[in-house]
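**Q** A single structure is presented below for examination.
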Amino acid sequence: MREMIKEMEEKPVEKNEDNRLDLHSLSRKEKRKAKKKQIEETTEGMSKKERRKYLLYYYKERILIITGIVVVLTILTITLVRALRPVTISYVAINCKNPLEFNADAFEDYAKAINKYDGYQIKGETNVELIYDEYTQSYENNKNSQKYINFETSTAAHIYDVVFTNEEGAVYCGMMDIFYPLDKYLEPEYFERIKDRIVMLTGMDGNPGPYAIDISDTEFAKSLNLGYDDIYIGFAGDMEDNHERVKDFIDYLFPAE
């Protein structure tokens with residue numbers, strides 16, 4: 001490859017440089033025929049190496065363009081294939097103290113444990129900071145209002161299966177009806193497994209409800225390195241795929257006895 005690039009950069013010596021044809025007045029078909037004849041005349045008597053060098057130099061633009069197109073198409077194909085892989089879990093970690101220290105490997109271990117790693121993808125986000133007291137400021141005076149709008153848009157689109165948060169984030173998610181009530185969201189079998197871990201939060205209607213689960217004492221939660229001790233989860237996606245992935249996650253954290 002390096003040798004080929006070098007040969008493209010070095011202009012070969014032409015034997016018939018004075019006799020090059022003026023192709024401007026010819027038709028496209030005539031130009032192709034004339035160029036072919038020109039190449040044959042120019043390369044006549046050249047060694048294989050000299051001929052190769054000549055062709056590489058004079059067709060380098062086409063070669064580079066085609067190579068570039070192939071590379072772009074390859075990248076797009078790989079990206080598309082990865083994007084179309086089924087999702088193991090889609091999560092968001094709210095109010096993570098240091099996103100750079102967040103242990104995303106825990107989700108890879110989870111995917112492997114449930115046999116949904118190879119051929120699957122994990123979607124996660126950690127740069128989300130939500131505090132209800134900050135949110136209650138008027139939008140005119142709240143320079144951070146856009147991040148709340150973005151988050152609510154994402155949850156309305158059912159992007160996240162599981163939301164990890166501390167108490168401040170949980171209060172916000174409860175008051176904004178981001179979390180679905182667990183007694184209605186979960187099937188009875190799954191609700192039974194987590195009923196002793198329920199965190200009551202005030203909903204948008206002003207009434208308390210079972211919106212979050214305390215997983216602070218689980219090894220999985222401790223391994224995430226979120227930067228806070230009280231770790232709650234809630235569910236913000238209400239599509240069929242969201243429910244299936246939530247059940248997988250509960251099965252992993254709290255297996256049926």
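The values are calculated or read from the model by the stated rules, or taken from the named source; none is laboratory data. Just so we're clear, the structure is a prediction, and the values are computed from it rather than from any experiment. Virtual Cβ from ideal backbone geometry, glycine too; neighbours counted across all protein chains shown. Just the protein is used for accessible areas: all its heavy atoms, side chains included, with ligands, DNA and RNA removed. Shrake-Rupley method; radii C 1.70, N 1.55, O 1.52, S 1.80 Å.
**Q** Mind checking which residues of the range 159-181 are over 12 Å from Val199 (Cα atoms), open to solvent by 20 Å² or more (accessible area, probe 1.4 Å) and of a type in the set (Asp, Glu)?
**A** Glu168, Asp177
**Q** Checking Ile194 against (1) within 21 Å of the chain's Cα centre (by Cα); (2) surrounded by fewer than 22 Cβ atoms within 10 Å (Cβ to Cβ); (3) not basic (Lys, Arg), only one condition comes out false. Which one?
**A** Checking Ile194 against (1) within 21 Å of the chain's Cα centre (by Cα); (2) surrounded by fewer than 22 Cβ atoms within 10 Å (Cβ to Cβ); (3) not basic (Lys, Arg), the one that fails is (1).
**Q** Listed residues Ala104, Ala156; which is open to solvent by 60 Å² or more (accessible area, probe 1.4 Å), more than 16 Å from Val246 (Cα to Cα), small (Gly, Ala, Ser) and out of contact with any Phe, Trp or Tyr (no Cβ under 7 Å at 6 or more places or on another chain)?
**A** Numbers: Ala104 fails: open to solvent by 60 Å² or more (accessible area, probe 1.4 Å).
Result: Ala156 is the single residue among Ala104, Ala156 that is open to solvent by 60 Å² or more (accessible area, probe 1.4 Å), more than 16 Å from Val246 (Cα to Cα), small (Gly, Ala, Ser) and out of contact with any Phe, Trp or Tyr (no Cβ under 7 Å at 6 or more places or on another chain).
**Q** Limited to the range 107-140, what total is found for residues that are loosely packed, with under 15 Cβ neighbours inside 10 Å, among the small types (Gly, Ala, Ser) and part of a helix (DSSP H, G or I)?
**A** Matching residues across the range 107-140 total 1.
**Q** Kindly provide the set of residues from the range 215-246 that are more than 18 Å from Thr155 (Cα to Cα), in a helix (DSSP H, G or I) and open to solvent by 40 Å² or more (accessible area, probe 1.4 Å), ordered by number. Steps first, answer last, please.
**A** Going through the range 215-246, the residues more than 18 Å from Thr155 (Cα to Cα) turn out to be 215-231.
Applying the additional criterion that residues be in a helix (DSSP H, G or I) yields 219-223.
Glu219, Lys222, Ser223 - these are the residues of the range 215-246 that are more than 18 Å from Thr155 (Cα to Cα), in a helix (DSSP H, G or I) and open to solvent by 40 Å² or more (accessible area, probe 1.4 Å).
**Q** Quick one: what pairs do we get from the range 162-189, first residue part of a helix (DSSP H, G or I), second polar (S, T, N, Q), C-beta under 8 Å, 6+ apart or different chains?
**A** From the range 162-189, the pairs are Glu168/Asn95; Gly169/Asn95; Val171/Thr202; Cys173/Thr165; Gly174/Thr202; Met175/Thr202.
**Q** Against the condition small (Gly, Ala, Ser), farther than 23 Å from Tyr135 by Cβ and at pLDDT below 95, how does Ala221 come out, does it pass? Walk me through how you get there before you give the answer.
**A** Working: small (Gly, Ala, Ser): yes; farther than 23 Å from Tyr135 by Cβ: yes; at pLDDT below 95: no.
When the stated conditions are applied, Ala221 does not pass them.
**Q** Now for a different question. Filter the range 175-199 for residues that are in contact with a helix residue (DSSP H, G or I) (Cβ under 9 Å, 6 or more places away or on another chain) and under 20 Å from Leu130 (Cα atoms) and give the result.
**A** Met175, Met176, Ile178, Phe179, Val199
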